[in-house]
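Engineer: My questions will all concern the structure given below.
The values are calculated or read from the model by the stated rules, or taken from the named source; none is laboratory data. Everything quoted here is computed from the prediction, not taken from an experiment. Neighbour counts are summed over all protein chains in view; Cβ atoms, including those assigned to glycine, are modelled from backbone coordinates with ideal geometry. Areas reflect the complete protein model, heavy atoms only, side chains present, ligands, DNA and RNA absent. Shrake-Rupley method; radii C 1.70, N 1.55, O 1.52, S 1.80 Å.
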Amino acid sequence: MTLAAQTRPTLSLVRLPHGADIDLPSYETAGAAGMDLRAAVAADETMVLSPGRRALVPTGFIFEIPSGYEAQIRPRSGLAFKHGITCLNTPGTIDSDYRGEVKVLLVNLGDEDFRIERGMRIAQMVVAPVTQVTLTEASLAGQTQRGTGGFGSTGV
Ligand SMILES: O=c1ccn([C@H]2C[C@H](O)[C@@H](COP(=O)(O)OP(=O)(O)OP(=O)(O)O)O2)c(=O)[nH]1
Ligand SMILES: [Mg+2]
């Protein structure tokens, strides 16, 4: 079901000169969680990512994330499955007070060169609510059944 337009927060964005003819980020289906982001690399300067290499790929946009929200930059599963292309810092965090261009840190974990062409959908951006907390220091942590067990303590 499509989220009614009036229930959606508004996300304002600024298009940078090198993003001039880049399509706006888009939800590709009615229920998509993320908007696909496109590569704003120069048309005559195709970026080639060799196996094991990483690159910061421009999107051509500054997003003004509303206060109380963040944006997460996540890989596209198709690129990961077919080519081994993923986001090195996934999920990338876009802070609500960031006013620079959103960039995507791609890494090639595949075994072939990958060409990043202008307008290619390279990652997706999920806008999500954020909770900031106030810290309070205590001398003991409250008791629980789990206690200090972790990292497989409950078995397989
Ligand atoms: O994939 C990403 C991750 C981050 N950023 C931008 C937006 C974010 O608000 C800022 C800082 O990101 P982060 O806090 O993850 O990086 P840092 O290494 O802690 O840098 P800083 O000291 O600037 O916070 O960089 C991107 O454009 N793409
Ligand atoms: Mg930081």
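Engineer: Give me the number: length gained by fully extending Asp95 to Asp23, i.e. 0.36 nm times residue separation minus the C-alpha to C-alpha distance, one decimal in nm.
Structural biologist: Numbers: separation 72, 0.36 × 72 = 25.92 nm, distance 2.28 nm.
That pair, Asp95 and Asp23, stretches by 23.6 nm at full extension.
Engineer: Rounded to the nearest 500, what is the chain's calculated 222 nm mean residue ellipticity when only DSSP H runs of at least 4 contribute -39500 (n - 2.57) each, over all residues? Write out the running numbers ahead of the final one.
Structural biologist: Details: 1 runs with 7 residues, N = 156.
The per-residue figure over the chain is -1000 deg cm²/dmol.
Engineer: Please calculate how many Å² of accessible area the chain carries per residue, with a 1.4 Å probe and no DNA, RNA or ligand atoms counted. Walk me through the numbers before you get to the answer.
Structural biologist: Details: 10560 Å² over 156 residues.
It amounts to 68 Å² per residue over the chain.
Engineer: Please state the charge dipole magnitude for the stretch 1-99, taken about the Cα centre, from unit charges on C-beta atoms (+1 on K and R, -1 on D and E), reported in debye and rounded to the nearest 20.
Structural biologist: Values: 9 positive and 10 negative charges, 62 e Å.
The dipole magnitude comes to about 300 debye.
Engineer: Continuing with the same structure: Once the Cβ-Cβ distance between Ser77 and Arg54 is put in as r, and R0 is 22 Å, what FRET efficiency do you end up with, to the nearest 0.05? Don't skip to the end; give the middle numbers.
Structural biologist: Values: r = 19 Å, r/R0 = 0.86.
The value I calculate is 0.70.
Engineer: What order, most packed first, do the peptides 49-59, 70-80 have when packing is the mean number of other Cβ atoms within 10 Å of each residue? Mind dumping the intermediate values first?
Structural biologist: Working: 49-59: 16.2, 70-80: 17.8.
Averaged packing, sorted descending, gives the order 70-80, 49-59.
Engineer: How high is the FRET efficiency from Arg115 to Leu16, r the C-beta distance, R0 25 Å, rounded to 0.05? Please list the in-between numbers first.
Structural biologist: Numbers: r = 23 Å, r/R0 = 0.90.
According to the calculation, E is roughly 0.65.
Engineer: Something else: How large, in Å, is the chain by the Kirkwood hydrodynamic radius built from its alpha-carbon pairs?
Structural biologist: Details: mean 1/r = 0.0558 Å⁻¹.
Computed over Cα pairs of the chain, the Kirkwood hydrodynamic radius comes out at 17.9 Å.
Engineer: For the chain, with all protein chains present and a 1.4 Å probe, just round the carbon and sulfur fraction of the accessible area to a whole percent.
Structural biologist: Working: 5470 of 10560 Å².
So the carbon and sulfur contribution to the accessible surface is 52 percent.
Engineer: Still on this structure, I have one more. What FRET efficiency, computed as 1/(1 + (r/R0)^6) with R0 = 25 Å and r the Cβ-Cβ distance, is obtained for Val133 and Ala32, rounded to the nearest 0.05? Spell out each step's value before the answer.
Structural biologist: Numbers: r = 30 Å, r/R0 = 1.19.
E(calc), rounded to 0.05, equals 0.25.
Engineer: Once fully extended, how much extra length lies between Leu140 and Ala42, figured as 0.36 nm per residue of separation less the alpha-carbon to alpha-carbon distance?
Structural biologist: Working: separation 98, 0.36 × 98 = 35.28 nm, distance 5.60 nm.
Difference between extended and current length: 29.7 nm.
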